[in-house]
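Here is the structure we will look at, set down as structure tokens.
The values are calculated or read from the model by the stated rules, or taken from the named source; none is laboratory data. Source: prediction; values computed, not measured. A quick note on method: Cβ atoms are made from the backbone with ideal geometry, for glycine too, and the neighbour counts reach across all protein chains shown. In case anyone asks, the SASA skips ligands and DNA or RNA and just uses the protein heavy atoms, side chains included. Shrake-Rupley method; radii C 1.70, N 1.55, O 1.52, S 1.80 Å.
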Amino acid sequence: MKPFIIVPDGFDKNLFKQLQTNSNLEVHPESKVDQSKLKELLPKASGLVIRSATTITPDLLELAPNLKLVIRAGEGTDNIDKKACGAKGVKVANTPGANNNSAAEHAIALMMTVLRKTAEADASMKRGEWEKSKFTGVELADKKIGIIGFGRIGQIVAKRLAGFDPEITFFDPMVEKCDLPYAKKESDLKKIFSSCDIISIHVPLMPATKGMITRELLEAMPAHAILINAARGGLVDEEALVDVLKSNKIRGAGFDVFATEPLDANNKLKDLGNLVMTPHLGASTEEAQVRVGQMAVHQLNEFFVNNNLLNEVKA
Ligand code: 3PG
């Protein structure tokens with residue numbers, strides 16, 4: 001019997017077609033599968049290719065006795081209970097680097113949107129208004145930018161910002177130095193939060209980083225500063241974020257990721273005029289999804305045909 005593969009969270013159309021023609025695999029014909037359908041299909045599944053919409057819990061694993069591999073078609077694996085997978089002999093892999101440029105560009109897009117109030121101005125225009133004086137913004141050029149987490153994505157952000165003549169301070173216990181002449185390391189997070197004009201977060205979510213952007217750090221930011229988060233929602237104290245934005249203790253924020261996704265109906269973030277939100281779009285570009293998809297297809301083939309596990313992520 002051929003390994004049965006489910007791709008529940010969407011996939012590049014052409015690559016999905018190509019995957020379906022792989023004679024070594026049986027691929028479920030829909031590239032988007034809701035939770036209840038997924039539960040129905042799981043007993044048959046040998047492999048899953050997921051994005052952030054599917055959470056791999058012990059309960060879900062119970063329904064999948066034949067599951068051998070979960071590929072996270074992306075970077076973050078915080079939606080996969082890796083310990084539970086390990087206990088069941090299910091391997092976990094991701095597609096490292098494939099969507100990183102898109103995530104970095106999205107963080108920069110959020111910076112520009114918050115600084116120039118373009119989202120608010122667009123909404124105002126569509127209400128038939130012409131409120132030029134209301135939307136005076138701030139330049140990105142020559143700003144002090146704090147990058148929290150200086151791995152692949154944080155470093156791309158720093159490189160792409162070069163044209164804006166920034167002064168970058170980065171925080172990352174794992175990175176000692178950086179070749180960019182305008183970027184220097186700082187180990188005191190509070191110093192970064194209290195001195196930068198823009199803070200951009202690029203840290204993976206794991207037990208050690210959960211809630212690391214505390215109320216104390218948010219309250220240390222200068223009144224003119226903005227906070228960008230295109231990494232993970234669980235990193236930031238969201239209640240404190242609501243408080244500092246509501247009381248205008250900081251200028252604004254741009255968030256692509258949230259503690260709960262999608263947002264609950266009564267989430268207070270939705271009431272904030274100085275917060276720009278996007279629905280976890282960092283990796284949602286055509287280019288990123290082609291790169292991610294190509295890697296996932298290759299990894300599926302290597303694992304199920306050649307018994308070769310690529311890009312394993314351990315608990
Ligand atoms: C990631 O961790 O790869 C990004 O957050 C993108 O997530 P997505 O694939 O669900 O869009």
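Placing dummy labels 7 Å off each Cα toward the beta-carbon, the span from Glu40 to Arg160 is 4.0 nm.
Note that segment 1-84 carries a Kirkwood radius of 12.9 Å, evaluated over its alpha carbons pair by pair. For the set Arg291, Arg116, the ranking by accessible area, highest first and with no ligand, DNA or RNA atoms included, is Arg116, Arg291 under a 1.4 Å probe.
From the mean inverse distance of alpha carbon pairs (Kirkwood) and the Cα radius of gyration, derive Rg over Rh for the chain. Taking Rg over the Kirkwood Rh, I get 1.01. Here's how it looks for Lys143: its modeled amide H is under 5 Å from those of Glu167, which are all 5 or more places away or on a different chain. Under the simplified labelling scheme, the Asn24-Met125 pair shows an inter-label distance of 5.1 nm, with each label point 7 Å from Cα along Cα→Cβ. Between Val203, Val70, Val33, the Gaussian network model of the chain with springs among Cα atoms under 10 angstrom shows the greatest mean-square fluctuation at Val33. Helix 100-116 and the longest principal axis of the Cα set of the chain meet at an angle near 30°. Computed over the chain with a Gaussian network model linking Cα atoms closer than 10 Å, the most mobile of Lys246, Lys126, Lys37 is Lys126. Residue by residue, segment 173-182 carries 3J(HN,Hα) couplings of x, 8, 10, 7, 9, 9, 7, 5, x, 9 Hz when phi is fed to the Karplus relation 6.51 cos²θ - 1.76 cosθ + 1.60 (θ = phi - 60°); x denotes Gly or Pro.
Measuring how big segment 49-121 is from its alpha-carbon positions, Rg and Dmax come out at 17.0, 52 Å. Measuring how big segment 79-137 is from its alpha-carbon positions, Rg and Dmax come out at 20.9, 61 Å.
Can you tell me what percent of all Cα-Cα pairs in segment 100-277 are more than 21 Å apart? Roughly 46 percent, rounded to a whole number.
In a DSSP loop and with at most 12 other Cβ atoms within 10 Å, the chymotrypsin sites (Phe, Trp or Tyr not before Pro) in segment 90-182 are Trp130. Relative contact order of the chain: 18 percent, from C-alpha pairs under 8 Å at least 6 residues apart in sequence. Of the beta bridges in the chain, as assigned by DSSP with both residues counted there, near 5 percent are antiparallel. Between Asp179, Asp142, Asp197, the GNM of the chain built on Cα springs shorter than 10 angstrom shows Asp179 fluctuating the most.
Taking the longest Cα principal axis of the chain as reference, the axis of helix 286-306 is set at about 30 degrees.
A simple count of charges around Asp243, restricted to other residues whose Cβ falls under 14 Å of its Cβ and scoring Lys, Arg +1 and Asp, Glu -1, yields -2.
Please work out the C-alpha center-to-center distance from segment 230-270 to segment 35-76 and express it in whole Å. A separation of 29 Å, based on Cα centres.
With every protein chain in place, what's the accessible area of Thr169 (1.4 Å probe, Å², nearest 10)? Using a 1.4 Å probe on the heavy atoms, I get roughly 20 Å². Here Lys190 is the anchor, and the lysines within straight C-alpha reach of less than 25 Å, apart from those fewer than 8 places off in the same chain, are Lys143, Lys144, Lys159, Lys177, Lys210, Lys246, Lys249.
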